Amino acid sequence: MVRGLDGLQGITFHDLYEAYPSFDIDVDAEQRLLLEHDVLVLHHPFYWYSTPALIKQWEDLVLTHGWAYGSEGTALRGKLMMSAITTGGSEAAYQPGGHNRFTVSELLRPIEQTARLCGMDYMPPFIVYGTHSMTDDAIRGHAEDYRRVLLALKDGALDLAAARQFPHLNSNLNAVVRG
């Protein structure tokens, strides 16, 4: 999915694991980067029903009281945030009667609440299920959909009200992407 973003103007892909292989996060640089953008996408595999360790550390260090939240923490207010998630399990496994007992959206509630605490508008996630058994063609299809969502976000062509009608952004792209 990431390779499909190469060369897109106005979209920054920032790989935390590449930038901070020793987990020594430059908080000031990360906060500057957030200020330069209107949309934050946490793009990661779904690890133990959450984010990988470095993303959690990034949240803990970068989203500070007085900057990202609190009475004077308004730096991110009004920005959009979404999660882009890949799972090994099928969509059926992430249902109330499924193996994992909860939907991915339910399991993402802590991230959603973090966005809300920071005054950000949290959008439904972009979810790719069943990556362990996915064909190359299916991967390419999801990558094209992801690119389409990000371009629509960048160009203001994503209908947020319509998107909120679906459990995840890629449930029905034709209904949420204008034009």
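The values are calculated or read from the model by the stated rules, or taken from the named source; none is laboratory data. From a predicted model like this one, the values you see are computed outputs, not experimental measurements. Using ideal geometry, Cβ is built from the backbone for each residue, glycine included, and neighbour counts are taken over all protein chains shown.
Please enumerate the residues belonging to the stretch 100-132 that are among the β-branched types (Val, Ile, Thr) and closer than 21 Å to Ala143 by Cα.
Val104, Ile127, Val128, Thr131 - these are the residues of the stretch 100-132 that are among the β-branched types (Val, Ile, Thr) and closer than 21 Å to Ala143 by Cα.
Kindly provide the set of residues from the stretch 36-60 that are hydrophobic (A, V, I, L, M, F, W, C), assigned to a loop (DSSP other than H, G, I, E, B) and out of contact with any Gly (no Cβ under 9 Å at 6 or more places or on another chain), ordered by number. Steps first, answer last, please.
Narrowing the stretch 36-60 to residues hydrophobic (A, V, I, L, M, F, W, C): 39-42, 46, 48, 53-55, 58.
In the following step, the residues that additionally are assigned to a loop (DSSP other than H, G, I, E, B) were identified as 46, 48.
The answer is Trp48, and nothing else.
Count, please, the residues in the stretch 19-58 that happen to be closer than 24 Å to Val149 by Cα and free of Cβ contacts under 8 Å to residues at least 40 places away in the same chain.
Summing the residues that are closer than 24 Å to Val149 by Cα and free of Cβ contacts under 8 Å to residues at least 40 places away in the same chain in the stretch 19-58 gives 6.
Output the number of residues of the stretch 5-18 satisfying the condition of being within 22 Å of Ala53 (Cβ to Cβ) and either part of a helix (DSSP H, G or I) or in contact (Cβ under 8 Å) with a residue 40 or more places away in the chain (or both).
Residues meeting the conditions: 3.
Given the options Val128, Val176, name the one that is within 18 Å of Met81 (Cβ to Cβ), among the β-branched types (Val, Ile, Thr) and at pLDDT 90 or above.
Details: Val128 fails: within 18 Å of Met81 (Cβ to Cβ).
Answer to the selection: Val176.
Taking the residues in the stretch 25-52 that are more than 18 Å from Met81 (Cα to Cα) and modelled with pLDDT under 95 as candidates, determine which candidate is surrounded by the most Cβ atoms within 10 Å (Cβ to Cβ).
Tyr49
Would you mind telling me which numbered condition in (1) within 29 Å of Tyr129 (Cβ to Cβ); (2) at pLDDT 95 or above; (3) assigned to a loop (DSSP other than H, G, I, E, B) Ser22 fails?
(1)
Is it the case that the stretch 129-148 has a residue that's in contact with a His (Cβ under 8 Å, 6 or more places away or on another chain) and of a type outside the set (A, V, I, L, M)?
Taking every residue of the stretch 129-148 in turn, none turns out to be in contact with a His (Cβ under 8 Å, 6 or more places away or on another chain) and of a type outside the set (A, V, I, L, M).
Right, Leu61: farther than 24 Å from Asp136 by Cβ and touching a residue at least 40 places away in the same chain (Cβ under 8 Å) or not?
no
Please work out which residue is nearest to Thr74 (Cα to Cα), limiting yourself to the stretch 141-159 and to residues that are free of Cβ contacts under 8 Å to residues at least 40 places away in the same chain and surrounded by fewer than 21 Cβ atoms within 10 Å (Cβ to Cβ).
Only one residue tops the list, namely Gly156.
State whether one or more residues within the stretch 91-99 are closer than 22 Å to Val2 by Cβ and either surrounded by fewer than 18 Cβ atoms within 10 Å (Cβ to Cβ) or touching a Pro at 6+ places or on another chain (Cβ under 6 Å) (or both).
Restricting attention to the stretch 91-99, the residues satisfying the condition of being closer than 22 Å to Val2 by Cβ are 91.
Now drop any that are not either surrounded by fewer than 18 Cβ atoms within 10 Å (Cβ to Cβ) or touching a Pro at 6+ places or on another chain (Cβ under 6 Å) (or both), which leaves 91.
Yes, the stretch 91-99 contains a residue that is closer than 22 Å to Val2 by Cβ and either surrounded by fewer than 18 Cβ atoms within 10 Å (Cβ to Cβ) or touching a Pro at 6+ places or on another chain (Cβ under 6 Å) (or both).
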